[in-house]
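Report on the following structure.
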Amino acid sequence: MNDFATAYALRCEEASKEQGIDQLVSDLKEEGITATSEQTGGFTMCAYIKMKENRYIYANPYGAGIYDEEGFGEDIFQMDEPNSKEVARKIALWIKENN
């Protein structure tokens, strides 16, 4: 990996921690959901959850939305205060009911 790529990867890791995405990915894992931290642009990070039929979920400590190959579909839910454990719980419930 060259110096730029290394610096970029480190900055993504820092942003993921700062924005609470690492904690959310961990909380999702506790719910049995595999997620990764992804950069959506401008070092805005999200938890990425691959679904069936070319769908995926982007989530942060405030909520989650469903996407497909055409882009944003709809919010699954949004909250006023960040709470990664509650987000993980609600995503697990939504997946159970909708996948």
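Read-outs throughout are calculated quantities, based only on the coordinates presented, and are distinct from any laboratory measurement. On a predicted model such as this, the values are computed, not experimentally measured, just so you know. Positions of Cβ are generated from backbone atoms using ideal geometry, with glycine treated the same way; all protein chains shown enter the neighbour counts.
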Given H placed on each backbone N at 1.01 Å, which residues far from Gly73 in sequence or on other chains put an amide H within less than 5 Å of it?
Ile66, Tyr67, Asp68
Within a Cβ distance under 14 Å of Glu13, other residues only, what is the Lys/Arg minus Asp/Glu net charge?
-2
Relative contact order for the chain: what percent, with Cα pairs under 8 Å and sequence separation of 6 or more?
21
If the reach is capped at under 20 angstrom between alpha carbons, list the lysines near Lys96, excluding any in the same chain fewer than eight residues apart.
Lys29, Lys50, Lys52, Lys85
Mind putting a number on the dipole of the chain about its Cα centre? Charges go on the C-beta only, +1 for Lys and Arg and -1 for Asp and Glu, and I need it in Debye to the nearest 20.
280
Here P(r) for the stretch 2-51, Cα-Cα distances in 10 Å bins, as whole percents, is 29, 47, 22, 3
Helix-only mean residue ellipticity at 222 nm, the chain, DSSP H runs n ≥ 4 weighted -39,500 (n - 2.57), per residue, nearest 500. What is it?
-13500 deg cm²/dmol
Using DSSP to call loops (not H, G, I, E or B), can you name the GluC sites (Glu not before Pro) in the chain whose Cβ has at most 13 other Cβ atoms within 10 angstrom?
Glu53, Glu69, Glu70
Among Ile76, Tyr62, Ala92, whose Cα lies farthest out toward the positive end of the dipole of the stretch 37-96, if unit charges sit on the beta carbon of Lys, Arg (+1) and Asp, Glu (-1)?
Ala92
Among (i) 13.0, 41; (ii) 15.9, 55; (iii) 13.6, 45, only one was calculated for this model; which label is it, if the read-out is Rg and Dmax of the Cα atoms in Å?
(iii)
Step through the residues of the stretch 65-78 one at a time and calculate ³J(HN,Hα) from phi using the Karplus curve (6.51 cos²θ - 1.76 cosθ + 1.60, θ = phi - 60°), rounding each to whole Hz and writing x for Gly and Pro.
x, 9, 10, 9, 4, 8, x, 4, x, 6, 5, 7, 6, 9
